[in-house]
Every structure is written in structure tokens, then in C-alpha cells.
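In what follows, a structure is listed as C-alpha cells, so that the remarks can point back to it.
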Amino acid sequence: MSFLRFKTSNDWVTAVLEDFDTFLQDHAAAEKKASGMAVSMLSHYPDRVELVTAMTDLAIEEMSHFKEVVKLIYERGCILGDDQKDPYINDFRKSFRKGTNEYFLDRLLVGGIIEARGCERFALVGEALPAGKLKAFYEAIAASEGRHHELFVELAEKYFEKSVVDARLDQLLDIEAAIVERLPIRAALH
């Protein structure tokens, strides 16, 4: 995504391609966690009709992606592994502010930025893979993540003034870039 402030390196793509089974394990976990995050959002904000509708659809779509990745894992003769802690997500969550409205806005915008990072990285994987089923899958997943990014920002703009959203998004993009820059390169989404 062009608005992200740190571009993922080719070294990351190489690490993924060299250990694709590990990457698939992490990808499955990320999809499952994304579905859980959407359910958490609709559970915490049941009075926000547009958010509940959007997060319900998102939870189902992310779980569908999880199912597809698990199928790929099984086709490769592997089994689903245990979820691992995601240092990117854990660090990024530290940027959430206290206060009802501030926390809500940060959850939306951080969710959007995470989806944008997924879009960027899945697109890089799709570009690097040879023609075939995996390439088509990752190209489709990248497009889906891009739509999810837009959804979170649109929801933020529904509940907050655009100037407030833009100012906080600017801050969070700097925070996210610093996190990604210091992450070790590994066969994982983040």
C-alpha cells in the first residue's frame, strides 16, 4: 500500500519463499486472529450498527481465508501448528490510547493499518510466486486485505471527524513504520 511509510524488503520475500510452510502456518494464525478481532469489535460496540454489520462480514471472510490457508497447509502434507505471539501486533497495540473514544478510534485505525500491511506483503508474495494456484490465491488475498484497510478507515470517518482521523492516522503510520523497520526478517506475515 502506497501510504505505508516503510516498504517491505526483498529479503523478507526471500525468507518467506525459502520457508513457505512456516509462512503458511503464520498466515493461518493471522487470519484466525483477524476473525477474532472482528468478533471482539462487534461485541464491544454493539450499539454501532454499521460497525456490527461490517465486523460480522469481516469475521466470516477472515475465517473463510483461514479455512483456505488450512487447506493449503494440509495439501502440502503439514498440519496446523500452535499460534505464536506476533511481536508486530503486540508492539502496535501498545500505541492504543486510554479513553473511550480514543481507544475506539485507535482500534479502528490500527486495524486498518494492519490490513494495509497484509495487503502489501501478500501482494509481494503473489508477485514472487510462479504462475499457479498459490500465486492466484495470494493475489486475491492481497486485494481482499486492501478492501479491509479501506473499511476500517471508512468506519473511523463515520464515527469521528475526518481531521481527527487524519491526524491520528498520520501518527499511527509513523509508529507502525518504526515497528516494521526493527522487526527481524522471518517467514511470517509480520
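How many residues, within region 61-114, are open to solvent by less than 80 Å² (accessible area, probe 1.4 Å), among the hydrophobic types (A, V, I, L, M, F, W, C) and outside any helix (DSSP H, G or I)?
Final tally of qualifying residues: 3.
Looking only at region 136-190, which residues are open to solvent by 20 Å² or more (accessible area, probe 1.4 Å), out of contact with any Leu (no Cβ under 8 Å at 6 or more places or on another chain), touching a residue at least 12 places away in the same chain (Cβ under 8 Å) and in a loop (DSSP other than H, G, I, E, B)?
Answer for region 136-190, where residues must be open to solvent by 20 Å² or more (accessible area, probe 1.4 Å), out of contact with any Leu (no Cβ under 8 Å at 6 or more places or on another chain), touching a residue at least 12 places away in the same chain (Cβ under 8 Å) and in a loop (DSSP other than H, G, I, E, B): 183, 185, 186.
Does region 8-35 hold any residues that are without any contact (Cβ under 8 Å) to a residue 40 or more places away in the chain and either among the charged types (D, E, K, R) or open to solvent by 40 Å² or more (accessible area, probe 1.4 Å) (or both), and which are they?
10, 14, 31
Could you count how many residues in region 98-126 are in contact with a Phe, Trp or Tyr (Cβ under 9 Å, 6 or more places away or on another chain) and more than 25 Å from residue 74 (Cα to Cα)?
Taking region 98-126 and keeping what is in contact with a Phe, Trp or Tyr (Cβ under 9 Å, 6 or more places away or on another chain), we get 101-117, 121-126.
Subsequent filtering for residues that are more than 25 Å from residue 74 (Cα to Cα) retains 101-117.
The total comes to 17.
Looking at region 127-146, which of the residues that are over 15 Å from residue 72 (Cα atoms) and of a type in the set (Gly, Ala, Ser) is farthest from the chain's Cα centre (by Cα)?
Checked region 127-146; the qualifying residue farthest from the chain's Cα centre (by Cα) is 131.
On the given criteria, is residue 40 within 19 Å of residue 109 (Cβ to Cβ) and assigned to a loop (DSSP other than H, G, I, E, B)? Don't jump to the end; show me each part of the working.
Working: within 19 Å of residue 109 (Cβ to Cβ): yes; assigned to a loop (DSSP other than H, G, I, E, B): no.
In short, no.
Closer than 19 Å to residue 123 by Cα and touching an Asp or Glu at 6+ places or on another chain (Cβ under 9 Å): which single residue out of 6, 20 fits that description? I'd like the intermediate steps shown before the answer.
Values: 20 fails: touching an Asp or Glu at 6+ places or on another chain (Cβ under 9 Å).
Result: 6 is the single residue among 6, 20 that is closer than 19 Å to residue 123 by Cα and touching an Asp or Glu at 6+ places or on another chain (Cβ under 9 Å).
The values are calculated or read from the model by the stated rules, or taken from the named source; none is laboratory data. Quick caveat: nothing in here was measured; it's all calculated off a predicted structure. When we count neighbours, we look across all protein chains shown, and the Cβ atoms used for this are built from the backbone with ideal geometry, even at glycine. These area figures cover heavy atoms from the full protein model, side chains too; ligands, DNA and RNA do not enter into them. Shrake-Rupley method; radii C 1.70, N 1.55, O 1.52, S 1.80 Å.
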